[in-house]
Amino acid sequence: MKLSQNPLPDREMRLPGVGLSGPLPNNTLSLPSALQILSLESNSITGPFPSGFTELKNLTRLYLQFNKFSGPLPLDFSVWNSLSVVNLSNNSFNGSIPSSISNLTHLSSLVLANNSLSGEIPDINVTTLQELSLANNNLSGVVPEPLFNFPSSAFDGNNVTLSTALVPALPMQPPNAQPRKKTREISEPALLGIIIGGSVLAFLVAAAFIIVCWYGEEDANGKPVKSRKKNEVPMKREASDESKKSQDKNNIVFFDDCYLAFDLEDLLRASAEILGKGTFGTTYKAALDDITNVVVKRLKEVTVGKRDFEHHMEVVGKIKHDNVSALRAYFYSKEERLIVYEYYQQGSISAMLHGRNEEGRSSLDWDSRLRIAIGTARGIAHIHAQIGGKLVHGNIKASNIFLNSQGYGCISDIGLATLVNPISPSAMRIAGYRAPEVIDNRKATHASDVYSFGVLLLELLTGKSPANTINEEVVNLVRWVNSVVREEWTAEVFDVELLRYPNIEEEMVEMLQLGLACAARIPEQRPKMRDVVRRVEEIPRVNTGNGPSS
């Protein structure tokens with residue numbers, strides 16, 4: 001195979017999916033040194049990373065994903081000091097990740113997922129890095145601190161730990177907390193005196209505190225009563241309206257059916273693990289005790305006032321449905337806006353679909369994917385029926401969907417898009433789920449929810465993420481599926497993991513047609529969610545006449 005720069009422009013060479021195969025011998029490469037963009041993705045190129053690429057000093061974007069490259073990565077990435085995007089995913093590269101990647105001061109996207117890389121993750125401390133995916137390799141050790149800001153899905157499918165991301169409390173301050181002032185060093189005698197005096201004072205304070213706590217409250221007759229137990233919530237739980245009237249700023253508002261019992265101090269003391277940083281804030285797993293875990297979403301850039309925020313929480317909190325993740329509690333202050341959900345041990349559908357088990361396979365079989373689609377559709381349709389048909393989800397994606405106790409899809413994060421600042425259209429496109437007509441996340445519609453659900457169906461069918469990188473080079477999943485179907489290569493779109501299951505071709509085609517109908521470019525051409533539910537529920541009966549098999 002030979003590559004020549006003519007008649008291509010001197011600064012770009014784009015040959016994605018053109019059927020290239022075999023190795024790239026260095027003596028057959030004839031590439032201009034001024035080349036800035038090189039795209040050879042989705043071919044069948046074999047062999048090691050081409051050493052001749054080191055001559056391309058001006059490269060800014062390198063796309064080699066979905067080929068059959070093998071061997072180690074280049075040791076010195078510094079030769080491409082202008083690189084901003086590197087995508088080497090879905091190959092067979094092995095060895096360690098070179099630490100020289102940290103020298104790429106303009107790097108914004110690094111995607112090395114689905115290779116055979118091993119060793120520890122280097123300390124990649126590049127301030128411009130916006131996207132990172134190291135999933136499904138053989139990496140080990142601890143994730144370096146500079147990479148804590150990336151979601152845990154960036155490291156799925158490896159033997160790495162985020163243990164250093166575990167903190168003794170959520171990284172937030174109680175209301176009205178003041179920053180600590182720096183102290184000067186003091187002499188040892190003075191320090192000894194302070195310790196002794198402090199110990200005596202602490203003893204007296206503790207004794208007084210015990211007396212006050214034991215006899216500090218009075219009943220209706222003016223007699224002292226014992227204080228509450230430690231795990232009792234200092235607010236009325238039988239009616240959330242009473243909770244909101246409390247003057248105690250530490251009060252968390254619980255919903256009527258919530259079985260949990262904790263206050264803000266309990267939440268702040270809980271050990272917390274960052275599950276991911278999403279569009280609307282950071283999500284934590286908070287361990288209240290040895291057996292009770294909750295998910296706490298810390299919202300950022302909330303633009304609505306307390307009354308509107310509480311009204312929205314009340315609307316969402318009243319939704320009771322098997323396919324909608326129940327909102328358990330919330331907290332609002334000038335400093336913090338927190339939302340509390342149940343914790344799902346199995347993780348999100350995104351983690352299940354794109355993570356791999358020990359055999360390198362997805363943990364989701366065809367029946368599981370059908371149940372996810374059916375449950376999620378039911379949940380969205382129920383959301384659309386609330387408050388006279390005015391409620392919109394606005395952020396439907398695989399990372400917001402979980403499995404309920406029956407194994408069906410269950411959706412969370414309802415309507416948060418209306419509470420936060422508008423997100424730039426370019427940032428919205430990165431996720432891949434956004435309908436093309438939505439340029440302001442606060443103005444999502446039922447039709448745009450249907451589009452996002454259509455993308456989810458295509459994701460379940462193809463096993464591919466809706467968007468892998470943050471630039472225009474990556475082909476949008478909807479456009480890619482449409483192009484393959486137009487060429488009558490429909491079988492090429494399906495996840496190879498699904499081909500192991502017999503007699504499901506008709507079901508997959510039915511779901512494919514429904515997904516493309518939902519993801520129609522023109523909003524008026526998309527079906528209503530109630531019709532989507534009917535169609536997706538009929539899919540398992542295409543072949544068998546029954547629902548999904550166990």
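The values are calculated or read from the model by the stated rules, or taken from the named source; none is laboratory data. Predicted model, so just to flag it, every value in this text is computed and none were measured. All Cβ positions, glycine included, derive from the backbone under ideal geometry; neighbour counts span all protein chains shown.
Which of the residues spanning segment 370-403 are assigned to a helix (DSSP H, G or I), among the basic types (Lys, Arg) and more than 17 Å from Cys518 (Cα to Cα)? Step through it out loud before you land on a result.
Initial filter on segment 370-403 (assigned to a helix (DSSP H, G or I)): 370-384, 386-389, 398-400.
So of that shortlist, the ones also among the basic types (Lys, Arg) come out as 371, 378.
Matches in segment 370-403: Arg371 only.
From the residues in segment 319-329 that are modelled with pLDDT of 90 or more and touching a helix residue (DSSP H, G or I) at 6+ places or on another chain (Cβ under 6 Å), which one is surrounded by the fewest Cβ atoms within 10 Å (Cβ to Cβ)?
Out of the qualifying residues, it is His321.
In segment 127-145, what count of residues is obtained for those that are of a type in the set (A, V, I, L, M), touching a strand residue (DSSP E or B) at 6+ places or on another chain (Cβ under 8 Å) and in a loop (DSSP other than H, G, I, E, B)?
Residues that pass the stated criteria total 3.
Examine segment 90-106 for a residue that is touching a residue at least 60 places away in the same chain (Cβ under 8 Å) and out of contact with any Asp or Glu (no Cβ under 6 Å at 6 or more places or on another chain), and state whether such a residue exists. If you could, list the steps in order and put the result at the bottom.
Keep residues of segment 90-106 that are touching a residue at least 60 places away in the same chain (Cβ under 8 Å), which gives none.
No, because not a single residue in segment 90-106 is touching a residue at least 60 places away in the same chain (Cβ under 8 Å) and out of contact with any Asp or Glu (no Cβ under 6 Å at 6 or more places or on another chain).
Quick one: which strands (runs of 3 or more DSSP E) lie wholly within segment 275-343 and hold at least 1 residues that are over 23 Å from the mean Cα position of the chain (by Cα) and either under 22 Å from Ala377 (Cα atoms) or not assigned by TED's automatic domain parsing to the domain that holds Arg442 (or both)? First the steps, then the outcome.
On the way: elements: 281-287, 293-299, 327-332, 337-342.
Result: 327-332.
Go through Gly355, Gly394, Gly375 for me and flag whichever is at pLDDT 95 or above and within 22 Å of the chain's Cα centre (by Cα). Full working, then the answer.
Numbers: Gly355 fails: at pLDDT 95 or above; Gly394 fails: at pLDDT 95 or above.
Selected residue: Gly375, the only one of Gly355, Gly394, Gly375 that is at pLDDT 95 or above and within 22 Å of the chain's Cα centre (by Cα).
In this structure, is Gly71 of a type in the set (Gly, Ala, Ser), without any contact (Cβ under 8 Å) to a residue 60 or more places away in the chain, under 20 Å from Ser42 (Cα atoms) and not in a loop (DSSP other than H, G, I, E, B)?
On the way: of a type in the set (Gly, Ala, Ser): yes; without any contact (Cβ under 8 Å) to a residue 60 or more places away in the chain: yes; under 20 Å from Ser42 (Cα atoms): yes; not in a loop (DSSP other than H, G, I, E, B): yes.
Answer is yes for this residue.
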